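Here the structure is laid out as structure tokens; the discussion comes afterwards.
The values are calculated or read from the model by the stated rules, or taken from the named source; none is laboratory data. Note that the structure is a prediction, hence the values are computed from the model and not measured. Positions of Cβ are generated from backbone atoms using ideal geometry, with glycine treated the same way; all protein chains shown enter the neighbour counts. Ligands, DNA and RNA are excluded from the accessible area calculation, which covers all protein heavy atoms including side chains. Shrake-Rupley method; radii C 1.70, N 1.55, O 1.52, S 1.80 Å.
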Amino acid sequence: MTEQKRRQLELGFSAQGSVRTAQRAAHREARESADHLDLGYARLRQLYELGKILGAAEGTVSGPDALCCLGQTVPLRVAMLVETTGGAAHIVAVRAAGVDDGEVEAAAAHARTCVARLAGVASLEQGRLRVEDVTLPVAPRPGAAGRSPFAAVPLVLERRTVRGALYVRGAKALGEADLAFLSAAADQISLAWDRHAAWQREVQLRERAEALDKAQKELVAVVSHDLRNPLGAVLLGISTLRRWPQLDAGKVRESLESMQRAAERASKLVHDLLDVARLDAGRLQLDLAHEEMAAMVREAAELMRPLLADRGLACEAQIEEGLPPVLADRERVLQVLSNLIGNARKFARDGSTVSVAAWQQEGEARCCVSDEGAGIAPQDLPHVFDRYFQGEHGPTAHGAGLGLAIARGIVEAHGGRIWVESDQGRGSRFFFTLPLAP
């Protein structure tokens, strides 16, 4: 065989081999492209399923189901949702089979560190760690507990505030496609948190609007009923004096006294309504000073003693010796004592005693106004300080139902507490505290 023919044969074989190699490479690239395409479609399907899970949560974010959904696409050892509230990191976690508690706790500690860096704070306190009973669908590789790859993707509320993170530890190395999938999932969870926050705000606004509407209706009812009666008495007295100007002095004096009492009731109601409005707006002004609790209790008892005597009631003041001064607004504390003693006057048995006591206990001044009346029904006890409340399960008395609500507002504005104890048939005891003067 000549040299020329041998050379031609070598070139032919080489060309055929190159074609076959190119064909195999093309087939391999086509398979890889198909695999990548299938994997991309799988990730899109999981993102769609994640959206369905988050959308069906009805005002909450279903953390465990969402985390397990991620594990369908990315092999994970641990998956966590970290939420920051009040300087602490609260975590919901799921894990794959075979992952022990120690690894979960180590992952939680690392997740808190990552979220602190993402949020730009020095550290976060350890909050709740709730490990769900559900397991991730892909089993981890053994022996990878200490060196498993991780990712921490921030969860951003309203596109500006980092409120947590999606934290995962992979069962194998996390590629770019895995990270892109996790980032897209974190965006969906962030949007779900945004929707949840908006839903909570809407519920709060609706509840507030309903409360304001109820308060407005109650105010209209109180004004139309309790203010109409004293004004009617005043108008009736004026009409009587104008119609019979020749009335004797005794009748005139009686009519004028009736009008004065009615006007005082109307004035008290107006002042009570103004106090309620100030308390609601947080504009109740206190003129704080060092005041003697004993002197205020004695003064209130003396002021109310004539009213109690009208019903045949005695007033008794019991004050601990050496009671230190309190930091308080004198006029407002007298208002509280008058309201409580006046309330006791309404419900005390005729001829019984209303007691006012003051003493020091646990670093604060305490005061108690007690009566010997019928007591308060257990069903009514939680509501006695509610505005406009009139008991339905026991004796009632004329009034707008504002006195105890105002007393609570004044005491709490001082930094104190107020509460009631009562036994039916044995009377009631109203307590309140005031801070001692420094």
- Which of the residues spanning segment 379-396 are modelled with pLDDT under 85 and of a type in the set (S, T, N, Q)? Gln390, Thr396
- Give segment 271-281 a look and list any residue that's surrounded by 13 or more Cβ atoms within 10 Å (Cβ to Cβ) and among the hydrophobic types (A, V, I, L, M, F, W, C), or say none. Leu273, Val276, Leu279
- Within segment 261-298, tally of residues that are touching a residue at least 12 places away in the same chain (Cβ under 8 Å) and not in a helix (DSSP H, G or I): 8
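When you check Leu284 against the structure, is it over 36 Å from the mean Cα position of the chain (by Cα), within 17 Å of Gly403 (Cα to Cα) and either modelled with pLDDT under 90 or open to solvent by 50 Å² or more (accessible area, probe 1.4 Å) (or both), yes or no?
On the way: over 36 Å from the mean Cα position of the chain (by Cα): no; within 17 Å of Gly403 (Cα to Cα): yes; either modelled with pLDDT under 90 or open to solvent by 50 Å² or more (accessible area, probe 1.4 Å) (or both): yes.
No.
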- Only residues that are open to solvent by less than 70 Å² (accessible area, probe 1.4 Å), touching a strand residue (DSSP E or B) at 6+ places or on another chain (Cβ under 7 Å) and either more than 30 Å from Leu191 (Cβ to Cβ) or at pLDDT 85 or above (or both): list them for segment 145-161, please. Pro149, Ala151, Ala152, Val153, Pro154, Leu155, Val156
- Item | Trp359 out of contact with any Leu (no Cβ under 9 Å at 6 or more places or on another chain) and either modelled with pLDDT of 85 or more or open to solvent by less than 40 Å² (accessible area, probe 1.4 Å) (or both) | no
- Task: Tell me which residues, restricted to segment 289-302, are of a type in the set (A, V, I, L, M, F, W, C) and either buried (at least 17 other Cβ atoms within 10 Å of the Cβ) or at pLDDT 95 or above (or both).
- Result: Met293, Ala294, Met296, Val297, Ala300, Ala301
- Query: How many residues are among the small types (Gly, Ala, Ser) and under 14 Å from Ala294 (Cα atoms) when one looks only at segment 308-348?
  - Reply: 3
- Message: The conditions are (1) under 22 Å from Gly415 (Cα atoms); (2) open to solvent by 70 Å² or more (accessible area, probe 1.4 Å); (3) touching a helix residue (DSSP H, G or I) at 6+ places or on another chain (Cβ under 9 Å), and Leu307 fails exactly one of them. Which is it?
- Response: (1)
- Task: Go through segment 415-426 and give me each residue that's at pLDDT below 90 and not polar (S, T, N, Q).
- Result: Asp423, Gly425, Arg426
- Exactly one of (1) modelled with pLDDT of 90 or more; (2) more than 20 Å from Val99 (Cβ to Cβ); (3) out of contact with any helix residue (DSSP H, G or I) (no Cβ under 9 Å at 6 or more places or on another chain) is unmet by Cys114. Its number? (2)
